[in-house]
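Values in this text are rule-based calculations from the coordinates and carry no lab data. None of these values were measured; they are calculated from a predicted model. For neighbour counting, all protein chains shown are included, and Cβ atoms are generated from backbone atoms with ideal geometry for every residue, glycine included.
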Amino acid sequence: MTHTHPTPECRSLLAKLSDYLDGDLEQAICDQIEAHLSECEDCRLMVDTTRKTLVLYRSVGRVEIPADTLDRLWETLQAKGCTSPPPEA
């Protein structure tokens, strides 16, 4: 199943994504997330991409991203309704 807009189940997964990837959730919650992932291609891609990003970050360390690239990223995410604006530095 693919969605053009996040469903309530997708939003719930997003709220728990960090804890899920860190292995900090109870097994019952992990089972619910994995059941959702088995049916939702969008979330599965997001989890896979986030997992790969974490692996790269942990292996390379902090990388400085140009300000204009960050601005374009935030604009794209906001246009998709995926996130709120970043806090001011």
### Query
For the Cα atoms of the chain, what angle does the longest principal axis make with the long axis of helix 67-79, in degrees from 0 to 90, nearest 10?
40 degrees
### Query
Quick one, which of [x] 57, 36, 22; [y] 103, 26, 19; [z] 40, 31, 21 is the actual Cα extents along the principal axes in Å calculated for this model?
[z]
### Query
What distance in nm separates the simple spin-label points at Ser12 and Leu70, each placed 7 Å from Cα in the Cβ direction?
3.4 nm
## Note on the structure
To the nearest 20 debye, the chain has a Cα-centred charge dipole, built from +1 on Lys and Arg Cβ and -1 on Asp and Glu Cβ, of 220 debye
### Query
Roughly how tilted is helix 8-22, in degrees to the nearest 10 and between 0 and 90, from the longest Cα axis of the chain?
80 degrees
### Query
Nearest 10 degrees, 0 to 90: what angle lies between the long axis of helix 27-39 and the longest principal axis of the chain (Cα atoms)?
80 degrees
### Query
For the residue pair Tyr57 and Asp22, what label-to-label distance in nm results when each label sits 7 Å from Cα along the Cα-to-beta-carbon direction?
1.1 nm
### Longest exposed-site-free window of the chain, the sites being trypsin sites (Lys or Arg not before Pro) in a DSSP loop that have at most 14 other C-beta atoms within 10 Å
1-61
